[in-house]
Ligand SMILES: [Zn+2]
């Protein structure tokens, strides 16, 4: 591994490496970007570069070797979901009294601490920041730099205030990374003490090229579809469940077609019947709603003559036929009703009932 394994946002990566090379790396860095844009991957790469025992240069800029003891131990945190699941499981195994006082961390290197949002509220808690304060003023033991990576920017109030105190007087040998989908939710006083580096969306063609390497088993058509649906985030593209999406889309098309054709409702009921209440059904229904939105967007693009924006490119001719059968008002009504179904789901209404109502209601509107 090296920085050349990071896809896209080359100018941002170059600037960060340049600061590393000039020993001017900031004490607090906000990496902002959508889910899957590479914030965590990049923070971990920088943690390696800050601590690599055999730091080399590539393209005239500092790089990490990926081989030395520090690089390897930090890289063990690369599969964040797996490490987090282990930490959650370890806590579950504790006695009830200890569970309450145990906060979640991911740590595979003594000088690199990863701080995830703590469930069930999924926010950074004051006890987690306290752990940062307890360790940050000690010199690193195995590396050159203590690194702290907050994987989310949702802080409890007290936690944010504690972090602010650290940022006011950070030690020479520590770097704090704040990963954020929305830096606006951080305290302005925290933002002003950190340098913000946005990770932008990649063009669909770049994501497609990336997938050709990472997902060689996918057909070109699947790659093109995922490249468009992942909205320029390679992490999202890499882990995209294309089969689940296509299955949900078949159901979404059946619901929309039933509304457009009218008459016999057996097809509609057959589809909606398979959406059950409960945790598992909820996820499936959310996927369906998400897919319905994506189809309605595509119908809108087709009606507006913006074919190049269509995301479900593999069924474009089918969508073009549907687009001819509907008008803008129908699409607007469908979007409103879909929002109603979503609200109903939040209040735990029976899902198949509200999906039926959605399909039948659109028929009358058509
Ligand atoms: Zn190394």
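Just so it is clear, none of the values below were taken in a lab; they were calculated from the coordinates. No experiment lies behind these values; they were computed from the predicted model shown. All Cβ positions, even for glycine, are placed from backbone atoms using ideal geometry, and neighbour counts span all protein chains on display.
Going by alpha carbons, how many degrees (0 to 90, nearest 10) lie between the helix axis of 126-136 and the longest principal axis of the chain? The answer is roughly 30 degrees.
With a ≥ b ≥ c the root eigenvalues of the C-alpha gyration tensor of segment 296-348, is it rounded (a/c under 1.5), prolate (a/b larger than b/c) or oblate?
prolate
Taking other C-beta atoms within 10 Å as the exposure proxy, 331, 124 rank 331, 124 from fewest upward.
In this rough spin-label picture, where each label sits 7 Å from Cα along the Cβ direction, the residue 56-residue 139 distance is 2.9 nm. Relative to its residue count, segment 239-341 spans a Cα convex hull of 110 Å³ per residue.
Suppose R0 equals 25 Å. What FRET efficiency, 1/(1 + (r/R0)^6) with r the Cβ-Cβ distance, do residue 130 and residue 181 give to the nearest 0.05?
Working: r = 25 Å, r/R0 = 0.99.
Plugging the Cβ-Cβ distance into 1/(1 + (r/R0)^6) gives 0.50.
What percent antiparallel are the DSSP beta bridges of the chain, to the nearest 5? Let's see the in-between values first.
On the way: 6 of 25 bridges.
Taking every DSSP beta bridge within the chain, about 25 percent pair in antiparallel fashion.
Please quote Rg/Rh for the chain to two decimal places, taking the Kirkwood radius as Rh and restricting both calculations to Cα atoms. Walk me through the intermediate numbers first.
Numbers: Rg = 24.1 Å, Rh = 23.2 Å.
Here the Rg-to-Rh quotient is 1.04.
Taking the longest Cα principal axis of the chain as reference, the axis of helix 328-346 is set at about 60 degrees. For the pair residue 213 and residue 342, label points projected 7 Å from Cα toward Cβ lie 3.5 nm apart.
Take the Cβ-Cβ distance between residue 260 and residue 121 as r, set R0 to 51 Å, and report the resulting FRET efficiency rounded to the nearest 0.05. Let's see the in-between values first.
Working: r = 43 Å, r/R0 = 0.85.
For residue 260 and residue 121, the calculated efficiency is 0.75.
Separation of segment 1-66 and segment 227-279, taken as the distance between their Cα centroids, equals 39 angstrom. Fewest-first ordering of 68, 52 by other beta carbons within 10 Å of each residue's beta carbon gives 68, 52.
In the chain, the longest principal axis of the Cα atoms and the axis of helix 39-51 are about 20 degrees apart. Only helical runs count toward this figure. For the chain, summing -39,500 (n - 2.57) over DSSP H runs of n ≥ 4 and dividing by all residues gives -17000 deg cm²/dmol at 222 nm.
Where does each of 272, 58, 41 land when they are ranked from fewest to most other beta-carbon atoms within 10 angstrom?
Details: 272 25, 58 12, 41 20.
In order of increasing Cβ crowding within 10 Å: 58, 41, 272.
Between residue 18 and residue 327, the modelled label-to-label distance comes to 5.5 nm, taking each label 7 Å out from Cα in the direction of the beta carbon.
Highest mobility in the GNM of the chain, judged by mean-square fluctuation with C-alpha springs under 10 Å and restricted to 303, 213, 284, is found for 213.
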